[in-house]
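The values are calculated or read from the model by the stated rules, or taken from the named source; none is laboratory data. What you are looking at is a predicted structure, and each value in this text was computed from that prediction instead of being measured. Neighbour counts are summed over all protein chains in view; Cβ atoms, including those assigned to glycine, are modelled from backbone coordinates with ideal geometry.
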Amino acid sequence: MFKESHFIEVLIPLAILFILAYAAGNIAEKKGRSWYGFFFLALFLPIIGLIAAAIASPAISPIASSEPQNNITKLEHLAKLKESGALSEEEFQKEKGKIIT
């Protein structure tokens, strides 16, 4: 059977390994990346997993990249904002002037 010291010698490194993998997963998740992907990467390659999670760029959401492309769609977008009450008449005219000029 295992002696108590052998059990601790195995348990402590495994606990540290899981803590590092969990940290890598959390770092990646805060950047919009896969928690499970970075967790398992760090579980098998701890240092590389942590470094990869730390330097990973934030994921770009499709909503953020779908800004209006031309002046017509920008004006339509402004009109919708005005209709919904998000923009006042004064703000609408100011932004419309920026787009037109």
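Quick rundown of the values:
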| quantity | calculated |
| --- | --- |
| Test: residue in segment 13-34 that is surrounded by 10 or more Cβ atoms within 10 Å (Cβ to Cβ), of a type in the set (Ser, Thr, Tyr) and at pLDDT below 95 | yes |
| Residues of segment 51-86 that turn out to be modelled with pLDDT of 85 or more and in contact with an Asp or Glu (Cβ under 8 Å, 6 or more places away or on another chain), as a count | 2 |
| Every pair of residues 6+ apart whose Cβ atoms lie under 8 Å, when the first sits in segment 33-49 and is within 18 Å of ALA15 (Cβ to Cβ) and in the same structural domain as ALA23 (by TED's automatic domain parsing) while the second is at pLDDT 95 or above and among the basic types (Lys, Arg) | none |
